[in-house]
Amino acid sequence: MDTIQSITEKTKALFTNGFSGTTTSEFSEQAKGAMEKSAKMVEDMTAFGKGNIEALVESSKIAAKNVEALGNEAAKYAKTSFESATEAAKTLAAAKSPTEFMKLQGDYARTAFDTMIAEGSRSTERLLKMFGEFAQPISNRVAVATDKMKISA
């Protein structure tokens, strides 16, 4: 019980004459100013966090759109490849000699390989473009954060 009374008395003394000679009204003004600064800081942090969330959502939308496009392109390539393979099989079945068969098979293999390399290049370009688009909103937020850090320092 004596400890509680002691703490209460020390607290009263601190508020009445203990803050480096400040009066209670001066302390109240300082506390009010600190609270306003704190409220502004929380407001800024909330706005910054909201911007980060919006950047992630935008980035996710871009990624989803590009993944869908990549899937569509892969399906189109698979369909075209299947059709080409079917046509090649019909052509090979109609070969009149083993020499003709080998020539036709070689031509098909060369064409299929060239097509696969071209499709791989297109897919790689699309992926690189997608990663650039996907990263842009996040990169913009990093720039904002860097600016805020410079201002704070």
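Hey, any idea what % of the chain's accessible area is carbon plus sulfur with a 1.4 Å probe?
Percent of accessible area from carbon and sulfur atoms in the chain: 65.
Could you state the angle between the C-alpha long axis of helix 98-152 and the longest principal axis of the C-alpha atoms of the chain, as a value from 0 to 90 degrees rounded to the nearest 10?
The two axes meet at around 10 degrees.
Post the alpha-carbon centroid distance, the range 30-87 to the range 88-152, in whole angstrom.
24
Keeping all protein chains in place, calculate the accessible area per residue for the chain (probe 1.4 angstrom), answer in Å². Numbers along the way, then the final one.
Numbers: 11910 Å² over 153 residues.
That works out to 78 Å² per residue.
Of the residues Lys50, Lys65, Lys40, which exhibits the maximal mean-square fluctuation in a Gaussian network model of the chain defined by a 10 Å Cα contact cut-off?
Maximum fluctuation in the GNM of the chain, among the listed residues, is at Lys40.
Divide by every residue of the chain the summed helix terms, -39500 (n - 2.57) for each DSSP H run of at least 4, and state the resulting mean residue ellipticity at 222 nm, rounded to the nearest 500 deg cm²/dmol.
The helix-only estimate for the chain comes to -33500 deg cm²/dmol at 222 nm.
Could you work out which residue, out of Ser123, Ser28, Ser84, moves most in a Gaussian network model of the chain, that is, has the largest mean-square fluctuation with Cα springs under 10 Å?
With Cα springs under 10 Å in the chain, the top fluctuation among Ser123, Ser28, Ser84 is at Ser28.
I need the trypsin sites (Lys or Arg not before Pro) found in the range 92-153, filtered to DSSP loop residues with at most 13 other beta carbons within 10 Å of theirs.
Counting only loop positions with at most 13 other Cβ atoms within 10 Å, the trypsin sites (Lys or Arg not before Pro) in the range 92-153 are Lys96.
Report, in debye and to the nearest 20, how large the dipole of the chain comes out about its Cα centre when Lys and Arg carry +1 and Asp and Glu carry -1 on their Cβ.
Details: 20 positive and 20 negative charges, 63 e Å.
The calculated dipole for the chain is roughly 300 debye.
Between Gly106, Gly51, Gly71, which gets the highest mean-square fluctuation from a Gaussian network model of the chain, Cα cutoff 10 Å?
Gly106
With a/c under 1.5 counting as rounded, go ahead and sort the chain into rounded, prolate or oblate using the C-alpha gyration tensor (a ≥ b ≥ c being the square roots of the eigenvalues; past the cut-off, prolate if a/b is larger than b/c, else oblate).
prolate
The values are calculated or read from the model by the stated rules, or taken from the named source; none is laboratory data. Just so it is clear, the model here is predicted, and its values are computed rather than measured. In this analysis, Cβ positions are derived from the backbone assuming ideal geometry, glycine residues included, and neighbour counts consider all displayed protein chains. With ligands, DNA and RNA removed, areas are computed over all heavy atoms of the protein, side chains included. Shrake-Rupley method; radii C 1.70, N 1.55, O 1.52, S 1.80 Å.
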